[in-house]
Amino acid sequence: MISLASRRLRFLRGRVKTLSTGFSPLHTTRNTSSTQSPIIPKYPIVSDIPAETSQFPFGFDLEEPEIWREVPPFSDVSYDEFLSWRWHTKIQNLVETKEQLSEFLYAVLPEEVPRPAGMAGMQTRDEFTGDVYSGIRKSAMSVRVMPYVLSRINWADPANCPIFRQFIPLGSIMVQDHPRVKPDSLHEQEDSPVDGIVHRYPDKALFLTVGVCPVYCVFCTRSYGVGANTEVLAKEPFKVSRTRFENAFAYVESQPDLKDIAISGGDAFYLPHHVLEWIGDRLIGMKNIERIRFATKGLAVAPNRFLDSSDPWTETLIRVSDKARRAGKLRNQSVLLRGVNDNVATMSSLIQKLAQMTIQPYYVYQCDMVPKVEHLRTPLQTILDLESELRGSIAGFYMPNFIVDLPEGGGKRLACSFESYDRDTGVSTFRAPVLTSKRKAGKIYKYYDPLPPSS
């Protein structure tokens, strides 16, 4: 009989059958150099220790630094506790309220920290904390950060840490929204025939199952429905409901051209394990469905769950995979963000490390035009330059597609496939020939670069 550790290892190496899991590894650094190196959790997937002979799942090495002990609130947390998914999800260990965040910041910050890049000098802990509160008041996303992510942040210089910038807003670096941004910039609600299903392409649909994630990204493309209400945005949450899901299943089964379903949210990582299996069973049983994908950032932001043998979620995912009996793989999707991964060295390192772990670099997305992320958006020229400089330096089968998910429901198009691009006005135009319904035939879609700060 194959051990649980072995089955999990083989699954995460992409050797078991069926699923394609999308996730975005973190970019982090433990120093303050200007060259940011992506560090991807190395204990899932890459162990060379045979699972049957390894003492720990995935060959997890106890001699590796226990990074969480560098963070004062976690300094006394044992290895077993930090590995536990249940411990990570306890209210007292998460940071998701202003009070929790305040307590955590005052526990980890030194008396002074550097100001954000471009703002000279140091600032006091009180000033920095005030800047965070200002960002929260302006943000479209509430704050929710797992202990694992908190342990990866450089707390000696958080304002310039790429991980911090993705999950905790700073008011001082936020700029006025472009007038064209919208909470649902991709018009997903317009392309939703029933609650929870986004059906834009003839053969593919998106199933939005849950409105919760392990962490909330500042740049979330689905800020209209993910997380708690904020001061600037009231949400329309995706609720886990049998009636809602049954209606979604009925629609999917009624569309013979539908072949591919991506299960997302929120994050499929937060579906209860029995609901995860129920969804898998229902979709596998449909004659028209050939592929199912569970989209999650879990491997990057809470890898401990895949190592926790007492948690049933991973075993359930493997079981669904076994039932489907089709070859699958792990794929990575990343969002291009200013000051996080918008340079050749970082993106090249990410792609090559993914390749080393036999994870397919799938998409690099241009940041969507959603509210309160202008400081993280880059001009279209940045993604064009990145692709141009990277192509030829990386094997073609590991080269990701550099994508613009077009505003107003135009779907995914290669960034380089624009019809026109005026660098002075920052307006690029695209066509989406495959989309012919709902008045989309022949439509010209526009993407707008972020406005310069003076605007």
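The values are calculated or read from the model by the stated rules, or taken from the named source; none is laboratory data. This one's a predicted model, so the numbers in the text were calculated from it and none came from an experiment. Every residue, glycine as well, gets a Cβ built from its backbone with ideal geometry; the counts of neighbours run over all protein chains shown.
Counting only residues that are more than 15 Å from the chain's Cα centre (by Cα) and surrounded by 19 or more Cβ atoms within 10 Å (Cβ to Cβ), which one in the range 200-224 is farthest from R144 (Cα to Cα)?
Taking the candidates together, the pick is R200.
If the Cβ limit is 8 Å and pairs must be 6+ apart or interchain, which residue in the range 432-455 that is farther than 21 Å from L384 by Cα pairs with which residue that is small (G, A, S) and assigned to a loop (DSSP other than H, G, I, E, B)? Short answer, once both residue conditions are applied: L435/G410; L435/A441; K440/G410; K440/A432; K443/G410; K443/A432.
Here's the yes/no breakdown for (1) crowded, with 22+ Cβ neighbours inside 10 Å; (2) among the small types (G, A, S):
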| site | (1), (2) |
| --- | --- |
| L299 | yes, no |
| A302 | yes, yes |
| T316 | no, no |
| K323 | no, no |
| Q333 | no, no |
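Screening the candidates R325, R305, R293, R319 for the property of being at pLDDT below 90 and touching a Gly at 6+ places or on another chain (Cβ under 8 Å) yields one hit, R293. Looking across T378, T425, T382, T429, one residue alone is within 21 Å of C217 (Cβ to Cβ), over 20 Å from the mean Cα position of the chain (by Cα) and of a type in the set (S, T, Y). It is T382. Screening the range 104-203 for helices (runs of 4 or more DSSP H) wholly inside it with 2 or more residues that are among the aromatic types (F, W, Y) returns the ranges 125-138, 162-167.
Filtered by the rule that a residue be in contact (Cβ under 8 Å) with a residue 40 or more places away in the chain and of a type in the set (D, E), the range 386-403 gives a lone residue, E389.
Considering only the range 240-247, I want to know if a residue exists there that is without any contact (Cβ under 8 Å) to a residue 60 or more places away in the chain and assigned to a loop (DSSP other than H, G, I, E, B).
Of the range 240-247, the ones without any contact (Cβ under 8 Å) to a residue 60 or more places away in the chain are 240-247.
Applying the additional criterion that residues be assigned to a loop (DSSP other than H, G, I, E, B) yields 240-241.
Yes, some residue in the range 240-247 is without any contact (Cβ under 8 Å) to a residue 60 or more places away in the chain and assigned to a loop (DSSP other than H, G, I, E, B).
Of all residue pairs spaced 6 or more apart or on separate chains, those with beta-carbon atoms under 6 Å, a first member in the range 365-385 that is at positive phi and a second member that is part of a loop (DSSP other than H, G, I, E, B) are K372/S139; K372/A140.
Considering M146, M122, M141, which residue is among the hydrophobic types (A, V, I, L, M, F, W, C) and surrounded by fewer than 13 Cβ atoms within 10 Å (Cβ to Cβ)? It would help to see each step written out before you state the result.
Values: M146 fails: surrounded by fewer than 13 Cβ atoms within 10 Å (Cβ to Cβ); M141 fails: surrounded by fewer than 13 Cβ atoms within 10 Å (Cβ to Cβ).
It is M122.
Going by the conditions given, is E236 in contact (Cβ under 8 Å) with a residue 60 or more places away in the chain, surrounded by fewer than 22 Cβ atoms within 10 Å (Cβ to Cβ) and in a loop (DSSP other than H, G, I, E, B)?
Details: in contact (Cβ under 8 Å) with a residue 60 or more places away in the chain: no; surrounded by fewer than 22 Cβ atoms within 10 Å (Cβ to Cβ): yes; in a loop (DSSP other than H, G, I, E, B): yes.
Answer is no for this residue.
The set of residues from the range 239-251 being β-branched (V, I, T) and either exposed (fewer than 15 other Cβ atoms within 10 Å of the Cβ) or at positive phi (or both) comprises just one member, T243.
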